[in-house]
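Novice: Take a look at this one; I'll ask things after.
The values are calculated or read from the model by the stated rules, or taken from the named source; none is laboratory data. Computed from a prediction, not measured in an experiment: that's the story for all the values here. Neighbour counts run over all protein chains shown; Cβ positions are idealised from the backbone, glycine included.
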Amino acid sequence: MSLLAVGVSHQTAPVALLEQFALAPDDRVKALHELVESDHVSEALVLATCNRIEVFAEVDRFHGGVTDVGRVLARQAGATVEELSPYVTVHYEDQAVAHLFTVAAGLDSMVIGETQVLGQLRAAYALAREEGTVGRALHPVAQRALRVGKRVHSETGIDKAGASLVSVALDRAEARIGSLVGRPVLVVGAGSMGALAATTLARRGADVVVSSRTEVSAQRLAETVGGRPAPMDRMPEELAAADLLLTCTGATGLVVGTDAVSAAMTGRGNRPLVVVDLALPRDVDPGVAALPGVHVVDLALLQGERAAADGVAATSPVAADDIDSARAMIEAETALLRAERRAAEVGPTVSALRSQAAEVVDAELLRLAGRLPDLDARARGEIARTVRRVVDKLLHEPTVRVKELAATPNGTDYAGALRALFGLGIDADVTPGAGRLADAVTVDPDRPGGTS
């Protein structure tokens, strides 16, 4: 069994495509079970954020695993595997582990060093545990990733980058309208992103109004940040009074239309409105950006700025030394987990070898009993003990050494060598390390036997 990571993120795909992967809670549960019910996936965890969807899975075959995961992702996006292929990245074994650790540390985020993804990974892991789709293979990987992410943030200065996408978006808003101190701001959405946004706005001195489809949630969040709640049906009035609208709901359709924003701009004179849309799929009609006096900051804009800067590190306040320290930490933790996984993987092979040896001894002792039926019980017992002792001594050194060697970083498959030498069964599969979906495998989505 081996770890596979297949996904689409802001690194490879436009926001328009990422929107197609938006997963409601029920969709996440369905995707998890689709994955583990496929032919080659035994365990799965789905990490879905505002700028990525990635599947981390334990598979019995590289190509078969990529096929199964690719189908689930394609169905979710309403596309074919071939259409999705240019935007999908594939990581395998050590590369998959290192990638997960990098994501958890915030090094693969649109804003380097952001911390929200660590909480999103924790929630994804909790859901997979609740649904029973993670087991002995993925449990230690996910737990180590959470520890690595926390360690990177606590032991390096990477948090200086600005804790989240919210902070960067609000920086863009302030560049348009100035300081947010005392300004009326309408936050639509009271989930985890809404809570982060409202808290950040309150810290910047804004007059926060929270609106949500669940009024209890809006009330609770408003009280927490010292703002006030507003029912959704009062959005037109609140929008007309606001200098900034920030939306981040989990809705699958538009929440704020062009007509509503146009009406809110009536009578404002020259007072502009900044609209920050951090939802995926987007909450605000794209037509809003064309309205006079309205400035839109959304994920597509932030992604474009990141690409134009030729990498986050070029514009990030994070010191290069902190990034290097974080990457060194990830490399060390990846090597440590690799050693632990390889040592664990060789265990069943050693057990199989000892079982096979015991079967051979038992068969030979039975044959001896047939050839020498008059052998007394005492002699028979001494012969049995001697044969077993000889076999144990012969196996002791190679089995101890193979466990030690399996933990070394030289990449040799000692368990496979042991299986080949003693005829214990050989698991052959070509396993590329990382790359794009098209480079890894050609998938026929209509192949008989595929799930639908």
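Novice: Tell me which residues, restricted to region 125-146, are hydroxyl-bearing (Ser, Thr, Tyr) and in a helix (DSSP H, G or I).
Specialist: The answer is 125, and nothing else.
Per-residue answers, yes or no, for (1) of a type in the set (Phe, Trp, Tyr); (2) under 25 Å from residue 140 (Cα atoms); (3) assigned to a helix (DSSP H, G or I); (4) modelled with pLDDT of 95 or more:
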position: 3; (1), (2), (3), (4): no, yes, no, no
position: 7; (1), (2), (3), (4): no, yes, no, no
position: 12; (1), (2), (3), (4): no, no, no, no
position: 18; (1), (2), (3), (4): no, no, yes, no
position: 30; (1), (2), (3), (4): no, yes, yes, no
position: 38; (1), (2), (3), (4): no, yes, no, no
position: 48; (1), (2), (3), (4): no, yes, no, no
position: 56; (1), (2), (3), (4): yes, yes, no, yes
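Novice: For region 51-79, which residues satisfy the criterion of being farther than 27 Å from residue 304 by Cβ and not charged (D, E, K, R)?
Specialist: Answer for region 51-79, where residues must be farther than 27 Å from residue 304 by Cβ and not charged (D, E, K, R): 56, 57, 59, 62, 63, 64, 65, 66, 67, 69, 70, 72.
Novice: Still on this structure, I have one more. Every residue in region 62-107 that is farther than 19 Å from residue 121 by Cα, out of contact with any strand residue (DSSP E or B) (no Cβ under 8 Å at 6 or more places or on another chain) and among the β-branched types (Val, Ile, Thr), please.
Specialist: Result: 67, 80, 81.
Novice: Could you check region 225-252 and list, in sequence order, the residues that are of a type outside the set (A, V, I, L, M, F, W, C) and in contact (Cβ under 8 Å) with a residue 24 or more places away in the chain?
Specialist: Those that are of a type outside the set (A, V, I, L, M, F, W, C) and in contact (Cβ under 8 Å) with a residue 24 or more places away in the chain: 226, 227, 236, 238, 243, 247, 249, 250, 252.
Novice: Answer yes or no as to whether residue 220 is touching a residue at least 24 places away in the same chain (Cβ under 8 Å) and under 30 Å from residue 327 (Cβ atoms).
Specialist: no
Novice: Just wondering, is there one or more residues in region 227-246 that are under 22 Å from residue 48 (Cβ atoms) and not acidic (Asp, Glu)?
Specialist: The answer is yes; a qualifying residue exists.
Novice: Here's something else I'd like to know. Limited to region 73-112, what total is found for residues that are without any contact (Cβ under 8 Å) to a residue 60 or more places away in the chain, in contact with a Leu (Cβ under 9 Å, 6 or more places away or on another chain) and outside any loop (DSSP other than H, G, I, E, B)?
Specialist: Residues meeting the conditions: 3.
Novice: Here is a further query. Between 46, 72, 66, which is assigned by TED's automatic domain parsing to the domain that holds residue 120, β-branched (Val, Ile, Thr) and under 19 Å from residue 108 (Cβ atoms)?
Specialist: Criteria check complete, one pass: 46.
Novice: Exactly one condition in (1) part of a helix (DSSP H, G or I); (2) buried (at least 16 other Cβ atoms within 10 Å of the Cβ) is not met by residue 190; state its number.
Specialist: The failed condition is (1).
Novice: Looking at region 238-262, which of its residues are among the β-branched types (Val, Ile, Thr) and either buried (at least 17 other Cβ atoms within 10 Å of the Cβ) or modelled with pLDDT of 90 or more (or both)?
Specialist: 247, 249, 255, 256, 258, 261
Novice: Turning to a different aspect of this structure: Quickly run through region 349-374 and pick out the residues that are of a type in the set (Gly, Ala, Ser) and within 54 Å of the chain's Cα centre (by Cα).
Specialist: Hits for region 349-374 are 351, 352, 355, 357, 358, 363.
Novice: Let me ask another. Could you tell me how many of the residues in region 311-328 are under 21 Å from residue 98 (Cβ atoms) and either in contact with a Phe, Trp or Tyr (Cβ under 9 Å, 6 or more places away or on another chain) or at pLDDT below 50 (or both)?
Specialist: Residues flagged as under 21 Å from residue 98 (Cβ atoms) and either in contact with a Phe, Trp or Tyr (Cβ under 9 Å, 6 or more places away or on another chain) or at pLDDT below 50 (or both) within region 311-328 amount to 4.
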